[in-house]
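Below is one structure; the comments refer to it alone.
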Amino acid sequence: MSKLPVILITGFLGAGKTTFLNELLSYLDSQDKSVALLINEFGRANIDRELVDHDAGTIYEVNQGSIFCVCTRDQFIKALDDITNHSPAFDVAVIESTGIANTRDIGEYLSMAPLAGRIDIKQNFCLVDAANFHKVFETLPAVRTQVEEASVCVINKTDLAESEYISTLENKLHSLNKDAGIIRTTFGKVDFSTVLDLTGSWTTRTQIDTAPPEGISSVTMNADGLFSTGKLRAFLNRNSEILLRAKGFVNTPDGPLLVEWVGDRFFTKPADSFHRPESQLVLIGYKLNIKEMNAAFKICRI
């Protein structure tokens, strides 16, 4: 049995992994590749699944932990086993890891039954947020590890940073990983015809993780009714000291919106495909109080 080629997408929260993922899926589709997609979310709800342009029947999920942590080992192995057993066989699998994943050696998992000899990770694309990398690099070890383990670093959102800073960032990335290719882009757009390489093989140099990131937790909040985007922005800004990321769908008087918050930036855009009576927002941050966050979220209703 030939090994299944796998493309890994890493990068910190809000760096643009899902946008990059959709670009990659579009390219693979243009090449007539059948693709299995494994999406990894740290929280209970998988918001990214709603945002991916891919056949729902070929999407697999690992939630409530990083795929590089033993806390989700059984989920991860089961998902990959299902993917490799799929008939007809997939041409390639793509794994999007959670933004706080500490890219660790999953070789141990891949050498275990039932996966031994069946999977080969070809490339690890690490998305780097040009506007916010410097804010998290010094305090979150996972950010350093993601860069150190990448085969290609994709500096995304270059339109939000000064050219001089981006040059400094490139030097920083090169100092951390001299072997990785470095690409500048906006909105996750790259020329995959020249960047994607399914002939090599990627391995990591670090040890397997044994626990979730210390102090970081996730809260998934649901509420009915209509929400004020102004109140939501104020709520997230008030908690900016402890929040790393917010993402979800909310119902408003103007229709359903995708809401995102990262690096003190608040974004919304129409989510016409979201047709649920309850709004849902996922928060990731430091030692979040579930009761307090839920109460504050509901106050944002009109």
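Readers should treat all values here as calculations from the given coordinates under stated rules, not as data from a laboratory. Since the structure is predicted, the reported quantities are computational estimates derived from the model, not experimental observations. All Cβ positions, glycine included, derive from the backbone under ideal geometry; neighbour counts span all protein chains shown.
Can you list the lysines whose alpha carbon sits under 19 Å from that of K3, skipping same-chain ones fewer than 8 residues off?
Filter leaves K33, K78, K122.
Antiparallel DSSP bridges in the chain: what percent, to the nearest 5?
Counting DSSP beta bridges with both partners in the chain, the antiparallel share is about 45 percent.
Could you tell me how many cubic angstrom of Cα convex hull volume the range 216-299 has per residue?
Numbers: hull volume 6.7 nm³, N = 84.
Looking at the range 216-299, the number lands at 79 Å³ per residue.
Using unit Cβ charges (K, R positive; D, E negative) and no other charged atoms, how large, in debye to the nearest 20, is the dipole of the range 216-299 about its Cα centre? All intermediate terms of the calculation are to be shown ahead of the outcome.
Numbers: 11 positive and 8 negative charges, 38 e Å.
Roughly 180 debye for the range 216-299.
Could you tell me how many degrees, from 0 to 90 and to the nearest 10, lie between the Cα long axis of helix 163-176 and the main elongation axis, the longest principal axis, of the Cα atoms of the chain?
50
Give me a comma-separated list of calculated 3J(HN,Hα) values for the range 88-97, in order, Karplus coefficients 6.51, -1.76, 1.60 applied at θ = phi - 60°, integers in Hz, x for any Gly or Pro.
Values per residue, Gly and Pro as x: x, 5, 6, 6, 7, 10, 10, 10, 9, 7 Hz.
Round to the nearest 0.05 the FRET efficiency obtained for A234 and S273 when R0 = 30 Å and r is the Cβ-Cβ distance.
Working from the Cβ atoms, E equals 0.65.
Before rounding to the nearest 500, sum -39500 (n - 2.57) across all DSSP H runs of length at least 4 in the chain and divide by the residue total; then give [θ] at 222 nm in deg cm²/dmol. Before the final figure, lay out the partial values.
Details: 10 runs with 85 residues, N = 302.
About -8000 deg cm²/dmol.
Rounded to the nearest 0.05, what FRET efficiency do L160 and K78 give with R0 = 30 Å and r taken as the Cβ-Cβ distance? Could you check?
Using R0 = 30 Å, I get an efficiency of 0.20.
So what J values fall out for the range 230-236 if you push phi through Karplus, 6.51 cos²θ - 1.76 cosθ + 1.60 with θ = phi - 60°, rounded to Hz, Gly and Pro as x?
x, 5, 5, 4, 5, 4, 5
Over the alpha-carbon set of the chain, divide Rg by the Kirkwood Rh and report the Rg/Rh ratio to two decimals.
Result for the chain is an Rg/Rh of 0.95.
So how strong a dipole does the chain carry about its Cα centre when Lys and Arg Cβ are +1 and Asp and Glu Cβ are -1, to the nearest 20 debye?
760
Nearest 10 degrees, 0 to 90: what angle lies between the long axis of helix 73-84 and the longest principal axis of the chain (Cα atoms)?
That helix lies at roughly 60 degrees to the long axis.
If you average the C-alpha positions of the range 220-253 and of the range 154-191 separately, how far apart do those two centres end up, in angstrom?
30
Specify which residue in the list F297, V262, I216 is farthest towards the positive end of the charge dipole of the range 216-299, using unit charges on the beta carbon of Lys, Arg (+1) and Asp, Glu (-1), about the Cα centre.
Of F297, V262, I216, it is I216.
Apply 1/(1 + (r/R0)^6) to the Cβ-Cβ distance of D179 and K33, taking R0 = 35 Å, and write down the FRET efficiency to the nearest 0.05. Provide the component values of the computation, followed by the final result.
Details: r = 26 Å, r/R0 = 0.75.
Given R0 = 35 Å and the Cβ-Cβ separation, E is 0.85.
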